[in-house]
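The values are calculated or read from the model by the stated rules, or taken from the named source; none is laboratory data. Keep in mind the model is a prediction, meaning the values are calculated, not measured. Backbone-built Cβ (ideal geometry, glycine too); neighbour counts: all protein chains shown. What goes into the accessible areas is simple: the full protein's heavy atoms, side chains included, and nothing from ligands, DNA or RNA. Shrake-Rupley method; radii C 1.70, N 1.55, O 1.52, S 1.80 Å.
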Amino acid sequence: MPDDNDATQEERALRAMANIHAGADITDEAMRLSNDYTDRQTRRVKAWFARMTGRG
């Protein structure tokens, strides 16, 4: 199974659905997906901004 850092968004979502199907807490899995997505997007925006301002 790939590390979460290497997994695509779809792979992480499918893993969360499998976890839910296996009895995991739906709210916990949804929050993990949401937080992961937000963190990845925030890093992308920060990197973009750093490139645009010459700080990266």
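Key figures for this structure:
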read-out	value
Filtered residues of the stretch 23-56 (kept if closer than 19 Å to Gln9 by Cα and of a type in the set (S, T, N, Q))	Thr27, Ser34, Asn35, Thr38, Gln41, Thr42
Glu29 being in contact with a Pro (Cβ under 7 Å, 6 or more places away or on another chain) and either assigned to a helix (DSSP H, G or I) or at pLDDT 95 or above (or both)	no
Residues that are open to solvent by less than 100 Å² (accessible area, probe 1.4 Å) and either among the hydrophobic types (A, V, I, L, M, F, W, C) or not in a helix (DSSP H, G or I) (or both), drawn from the stretch 32-55	Leu33, Val45, Ala47, Ala50, Thr53, Gly54
